[in-house]
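Visitor: The structure is given below, and queries will be raised subsequently.
Bear in mind these aren't lab numbers, they're just calculated from the coordinates by the rules spelled out. Since this is a predicted model, take the numbers as computed values, not measurements. A quick note on method: Cβ atoms are made from the backbone with ideal geometry, for glycine too, and the neighbour counts reach across all protein chains shown.
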Amino acid sequence: MINYVDSLQKKNAESLSFYPRQVFEREKEKGRLFLGMLNGEPCGYLYVGAQGKDVKCHQVCIQYDARRRLYGAAIVAVMEQYASEACAASITLRCGFDLDANDFWQAMGYQCVVHQMGGVRRMRTINVWRKQLQAELFETIALEPAAGVVDASVWRKNKQTGTVTQFVRGKQMRDYRAKLVKEND
């Protein structure tokens, strides 16, 4: 199971955040890693966070050839059951604005509740999706999901010239981000 999950994550690296193999090993032991099956073979996985008032869906990935065939919906239904059994009020997740998965989450009844600035490398906005599982005092205010295309050419150019490296952190990274945003305005 872990080999499959790690391999599928690497194949879809541009769409997913990265988790080390040890995270998947730990989460499998805790029962928070779900595997989708197709004819007895894995076709995708879902990694969900700890049970609480709000359950976080950290990562979902379905093999390319199994997409748009309801395997994603089936594995999400398992996650929703997991959250309901824990008496969670809601499920939230994050999805890059340029991914087709945003349409999937909307079709599954999730609402976009906020847009967040993503990482510097991909320079993309992140849509935060939420599904209410229990009645709440106030209704969720939904936003139109952000949409667009990612342009990471500035990051690649600056990486090649040495303006930015994987060791840039803290104030230096904030200054670099501000410079990029100013150049793109």
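Visitor: I'd like the distance separating the alpha-carbon centroids of segment 51-76 and segment 78-116, in whole Å.
Guide: First find each Cα centre; the distance between them is then 9 Å.
Visitor: Would you kindly derive the ³J(HN,Hα) couplings of segment 85-92 from the backbone phi angles with the Karplus curve 6.51 cos²θ - 1.76 cosθ + 1.60 (θ = phi - 60°), listing them in order in whole Hz, with x for Gly and Pro?
Guide: My calculation for segment 85-92 gives 5, 8, 6, 5, 7, 7, 10, 10 Hz in order.
Visitor: What trypsin sites (Lys or Arg not before Pro) does segment 1-55 have in DSSP loop regions with at most 16 other beta carbons within 10 Å?
Guide: Within segment 1-55, the qualifying trypsin sites (Lys or Arg not before Pro) (loop, at most 16 other Cβ atoms within 10 Å) are K30, K53.
Visitor: Oh, and also: Report the gain in length on full extension from E85 to K10: 0.36 nm times residue separation, minus Cα-Cα distance, nm rounded to one decimal.
Guide: On the way: separation 75, 0.36 × 75 = 27.00 nm, distance 3.14 nm.
Roughly 23.9 nm would be gained on extension.
Visitor: Here's a follow-up. Here are labelled values, (i) 1.06; (ii) 1.17; (iii) 1.12, and one is the computed Cα Rg over 2.2 N^0.38 Å for what I pasted. Which one?
Guide: (iii)
Visitor: Also: Quick query: amide H of G118 versus all other amide H atoms, modeled in the peptide plane; which residues come in under 5 Å with a sequence gap of 5 or more or a different chain?
Guide: Hits under the 5 Å cutoff: R124, T125, I126.
Visitor: Which is the longest part of the chain that has none of the GluC sites (Glu not before Pro) sitting in a DSSP loop with at most 11 other Cβ atoms within 10 Å? Write down the numbers at each step before the final one.
Guide: Working: sites that count: E14, E136, E139.
Of all site-free stretches, the longest is 15-135.
Visitor: Just going by the charge dipole of the chain, with Lys and Arg at +1 and Asp and Glu at -1 on Cβ, which of L35, L70, F97 is farthest out on the positive end?
Guide: Highest projection toward the positive end goes to F97.
Visitor: Still on this structure, please answer the following. Based on Cβ point charges of +1 for Lys and Arg and -1 for Asp and Glu, what charge dipole magnitude is obtained for the chain about its Cα centre, in debye rounded to the nearest 20? Walk me through the intermediate numbers first.
Guide: Details: 27 positive and 20 negative charges, 182 e Å.
Once rounded to the nearest 20, the dipole reads 880 debye.
Visitor: Now, a different point. Once fully extended, how much extra length lies between L35 and D175, figured as 0.36 nm per residue of separation less the alpha-carbon to alpha-carbon distance?
Guide: Values: separation 140, 0.36 × 140 = 50.40 nm, distance 4.10 nm.
Taking L35 through D175 to full extension adds about 46.3 nm, to one decimal.
Visitor: Using helices alone, what [θ] at 222 nm do you get for the chain, with -39,500 (n - 2.57) per DSSP H run of 4 or more residues, divided over all residues and rounded to the nearest 500? Intermediate results must be reported in sequence, preceding the final value.
Guide: Details: 6 runs with 65 residues, N = 185.
Rounded to the nearest 500, the figure is -10500 deg cm²/dmol.
Visitor: Here's another thing I want to ask about it. Could you tell me the relative contact order of the chain? Use alpha-carbon pairs under 8 Å, at least six residues apart, and round to a whole percent. List each step's numbers first, then the result.
Guide: Numbers: 257 pairs, mean separation 25.8, N = 185.
With pairs under 8 Å counted, the relative contact order is 14 percent.
Visitor: Here's something else I'd like to know. Taking the Cβ of A146 as the centre, find all other residues whose Cβ is under 11 Å away and add up their charges (Lys, Arg: +1; Asp, Glu: -1). Kindly include the intermediate steps, with their values, before the conclusion.
Guide: Working: positive: R124; negative: D98, E144.
Charge balance in the 11 Å sphere: -1.
Visitor: Among all lysine pairs in the chain that are eight or more places apart or on different chains, how many have alpha carbons less than 26 angstrom apart?
Guide: Eligible lysine pairs with Cα atoms under 26 Å apart amount to 26.
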